[in-house]
1. With the structure loaded, tell me whether GLN115 is modelled with pLDDT of 95 or more, within 30 Å of ALA27 (Cβ to Cβ) and in contact with a helix residue (DSSP H, G or I) (Cβ under 8 Å, 6 or more places away or on another chain) or whether it fails that test.
2. Does segment 122-145 hold any residues that are of a type in the set (Lys, Arg) and either buried (at least 18 other Cβ atoms within 10 Å of the Cβ) or under 16 Å from LEU77 (Cβ atoms) (or both), and which are they?
3. Test each condition in (1) modelled with pLDDT under 95; (2) among the small types (Gly, Ala, Ser); (3) surrounded by 18 or more Cβ atoms within 10 Å (Cβ to Cβ) for ALA34 and report the one that comes out false.
4. Can you tell me which residue among THR126, THR67 is at pLDDT 95 or above, of a type in the set (S, T, N, Q), outside the structural domain of LEU14 (by TED's automatic domain parsing) and in contact with a Leu (Cβ under 9 Å, 6 or more places away or on another chain)?
5. Does GLU102 count as assigned to a helix (DSSP H, G or I), modelled with pLDDT under 95, within 30 Å of ARG180 (Cβ to Cβ) and out of contact with any Lys or Arg (no Cβ under 9 Å at 6 or more places or on another chain)?
6. Collect the residues in segment 137-165 that are modelled with pLDDT of 95 or more, over 11 Å from LEU83 (Cβ atoms) and not in a helix (DSSP H, G or I), keeping them in residue-number order.
7. Can you confirm whether LEU55 is in a helix (DSSP H, G or I), aliphatic (A, V, I, L, M) and touching a Lys or Arg at 6+ places or on another chain (Cβ under 6 Å)?
Amino acid sequence: MPRNSSEVRRRLQLAALELFQEAGYEATTAAQIAGRAGVTERTFFRHFSDKREVLFDGEALLSEALTRTIRSTAPELGPWDTLFHAFQSVEQLFIDNRAFSEPRLRVIAASPALQERAHAKERSLTLALASALLERGVDNSLAVLAAQMGMAALAHAFMSWIAGSGSLHQHLVLAFDQVRDLSSSGLQGAQSAPAATKSRKRREASCD
């Protein structure tokens, strides 16, 4: 039986993911997850409040890392660049967890209960980002809007990375630049390829 707390949590996460894929989320019990992980049901509930939380274990860590970076980012950066800097700082968390994230997305997509929890977690993270921006002196309504747009850009970059090629960083740079370019694209459509390339290079260079 694993003794290390982080190892136990990881085993429970992997066991839950396997069972959710095999039998479905609704048909899987905490006792079955514990059994697959080689621990007792009591041990399961020492680590997770319910079986849904097994799939959302890293949310608190992500929120803490993002808000900490927002608060410590150079004060001269505006809200949008501050959010980009914050998301860039946690890229490795997403990269390290990719093997778990891909099947996790499929499990969540198949369960209304998990989709509801995912939306609640997203709303909570958005509010945390807005609160951190507010601490930097950003107007409340603008902080909320920036946080919502930032989360949308992050989600777009993440899903593009999962589905395609290239690095997460490349997709994140592109998503943030595309949102920025919306204000100047007008009826001309997306930014031209040469201009988009220059914009991405400027952003990448500013973060080196």
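The values are calculated or read from the model by the stated rules, or taken from the named source; none is laboratory data. This structure is a prediction, so every number in the text was calculated from the model and none was measured. Backbone-built Cβ (ideal geometry, glycine too); neighbour counts: all protein chains shown.
1. yes
2. Within segment 122-145, ARG136 is the sole residue that qualifies.
3. Only one criterion in (1) modelled with pLDDT under 95; (2) among the small types (Gly, Ala, Ser); (3) surrounded by 18 or more Cβ atoms within 10 Å (Cβ to Cβ) is unmet by ALA34, namely (1).
4. None of the other options fit; the residue is THR67.
5. So GLU102 fits the description; yes.
6. GLY137, ASP139
7. Yes: the conditions hold for LEU55.
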